[in-house]
Amino acid sequence: MEKGLLRAKEDVYYLSFEEFREAVRTGRLDYGVINKRKEEYEVYEKLTPPRVMTSEGEVVPGEFNPGKILKGALPGIPVSSGVVEGRARVVFDFADATVEDGDILVTRFTDPSWTPLFVSVRGLVTEVGGLMTHGAVIAREYGLPAVVGVDNATKLIKDGQQIRVNGTEGYVEVL
């Protein structure tokens, strides 16, 4: 930033370490590389990953066993038992999260940076996940009912709606 190479400090994240080092060394930077990667990032961010993929890259199709899932409920994987009702807080980016005590966090996925939110919420719903993913483990540690792997949860559940999370049977109801 001091040398005027970068237009925004966040642009550094679109460079490899070698590209960054070369820019510092030479004082030159091809902004076309950064712009191209920003465009690619926007495209990638809109992609929806498959539910299950093997380590060899094979996509495994599958459906939920309807078992005890109520008609009209959103099925998922039960990862932390219990049933809770509350206001859905649909969050796409941790930096933009505004949750209040008793809210239910609805998001695509979580990672360790999201852990502070778990102190305030009463439940968790994610689009991606399994028994050992971050959100599932933290939900169990905090005793929060949680269902993961809920297809399109952030689209089907609107921010502020009342929902019920059944972390025992593995489904979410919009009330």
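The values are calculated or read from the model by the stated rules, or taken from the named source; none is laboratory data. Computed from a predicted structure; not experimentally measured. All Cβ positions, glycine included, derive from the backbone under ideal geometry; neighbour counts span all protein chains shown.
General remarks:
- If the condition is being part of a loop (DSSP other than H, G, I, E, B), closer than 18 Å to Thr48 by Cα and touching a Lys or Arg at 6+ places or on another chain (Cβ under 7 Å), then the range 126-150 contributes Glu127, Val128, Gly149.
- Failed condition for Leu70, given (1) more than 23 Å from Pro49 (Cβ to Cβ); (2) modelled with pLDDT under 95; (3) outside any loop (DSSP other than H, G, I, E, B): (3)
- Taking first residues from the range 63-75 that are under 19 Å from Val128 (Cβ atoms) and partners that are of a type in the set (Val, Ile, Thr) and at pLDDT below 80, the Cβ contacts under 8 Å between residues at least 6 apart in sequence or on separate chains come to Pro75/Ile69.
- Note on the range 24-58: among residues that are among the hydroxyl-bearing types (Ser, Thr, Tyr) and under 30 Å from Pro75 (Cα atoms), the one that is surrounded by the fewest Cβ atoms within 10 Å (Cβ to Cβ) is Ser55.
- Boolean, Ser113 is hydroxyl-bearing (Ser, Thr, Tyr), at pLDDT below 90 and exposed (fewer than 13 other Cβ atoms within 10 Å of the Cβ): no
- Number of residues in the range 31-56 that are charged (D, E, K, R), farther than 24 Å from Asn152 by Cα and at pLDDT 90 or above: the value is 3.
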